[in-house]
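A short worksheet on the structure shown next.
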Amino acid sequence: MSEIAQSSGFYRRRVGDVVVTALNDGAFNLPLGAMLGIEPDAASALLQEAFRPPAPRTSVNAFLVQGNGATVLIDTGAGNAMGPTLGHLQARLAAAGVTPGDVDAVLMTHLHVDHVGGLASTAGTAVFPKAELVIPQNEADFWLNEANAAAAPDDKKPSFAGAEAAVAPYRSRLRLFSGTDVAPGIQAYPLPGHTPGHTGYLVASGDAALLIWGDVLHFQDVQSRRPEVGMVFDTDPDEATRSRLRALDMAARDRLTVAGMHLHFPAFSHVAKRAESYALVPDAWSGTV
Ligand SMILES: [Zn+2]
């Protein structure tokens, strides 16, 4: 039987005076071997325990932040780069009543293709006609670098080319940042390791806060239980693990709500500390924001 589409694929949540909308770009499968530091059988057992399908499947999400007089998109999904199970961001935005021309700025957590793929059309034009593109300086230094691209092994070269092509139509309105103040009400929270400049964004308004943590977890049912488990795409798996532990620990300790590009949609969650691991507690659905 062919797949039947779900209704909307967007979900709003309030953070103080700001509205954050999760936008589901789709989902894709990876082999069990994409996880580092765990035997496939053990990963499989954790997925089964969480009632997940045997083939590891992960959501791809982006987040729209509306408040403080601006509409800011964080990441853009995969666009046309990874096949038909992904690339639904534009339809989600439209369903949420937002046009690409409404987006004032696009912030990137990092430059992997499932995050930058939605920036440019197949013709190479900017999908977001007036948005400033905002990238962590150290992330740009790594990926938008001819010497690094030339030195990369063959299987990594497409990642460099993809990042370059996605950024190209925004060259005249590109902002590279270091430090924490990125946009009104949005602070950068560096979480290096998955990529050199991988960065989360902390959205704060009044007493409320939300950490949009990028790719801290790819397979939440495995990595929350075994936070030392990394991904073959991590540029520095040990550093990625340290960042993952820091983010999980802070979220649990401060009861900080998190949102993730690869958490199960709608991807807003709480984090609880267990004896040797963590548990993700999904935010309950709310009909109004
Ligand atoms: Zn990703």
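For this structure, a couple of remarks:
- Ranked packing of 224-237, 25-38, 57-70, 146-159, most packed first, by mean Cβ within 10 Å: 57-70, 224-237, 25-38, 146-159
- Antiparallel bridge percentage (DSSP; both residues within the chain; nearest 5): 75
- Residues Asn145 and Ser172, FRET efficiency given R0 of 22 Å [Cβ-Cβ distance, rounded to 0.05]: 0.65
- Each eigenvalue of the Cα gyration tensor of the chain, multiplied by 5 and square-rooted, gives one semi-axis; in descending order these are 26, 23, 20 Å.
- Each of Ala188, Ala275, Phe265 was scored by the projection of its Cα onto the charge dipole of the chain, and the greatest displacement toward the positive side belongs to Phe265; charges sit on the C-beta of Lys, Arg, Asp and Glu.
- Rounded to the nearest 20 debye, the dipole magnitude of region 10-282 is 680 debye, with +1 charges on Lys and Arg beta carbons, -1 on Asp and Glu beta carbons, and the Cα centre as origin.
- Label reach from Asp102 (point 7 Å along Cα→C-beta): in region 262-284, no amide nitrogen lies under 11 Å.
- Theoretical gain in end-to-end length, Leu30 to His270 [0.36 nm per residue, Cα-Cα removed]: 83.9 nm
- Multiplying the residue separation of Met1 and Ala279 by 0.36 nm and subtracting their alpha-carbon distance yields 96.6 nm.
- Treating r as the C-beta distance of Ser286 and Asn68 and R0 as 25 Å, the FRET efficiency rounds to 0.70.
- Residue among Tyr11, Ala45, Ile212 farthest towards the positive dipole end of the chain, charges placed on Cβ: Tyr11
- A crude spin-label estimate for the pair Gln48 and Ala152, with each label 7 Å from Cα along the Cβ direction, gives 3.7 nm.
- Approximating the spin labels as points 7 Å out from Cα along Cα→Cβ, the Arg255-to-Asp17 distance works out to 2.4 nm.
- The slack between Lys130 and Asp41, meaning 0.36 nm per residue of separation minus the straight C-alpha distance, is 27.2 nm.
Read-outs throughout are calculated quantities, based only on the coordinates presented, and are distinct from any laboratory measurement. The structure displayed is predicted, hence computed values, not measured ones. A quick note on method: Cβ atoms are made from the backbone with ideal geometry, for glycine too, and the neighbour counts reach across all protein chains shown.
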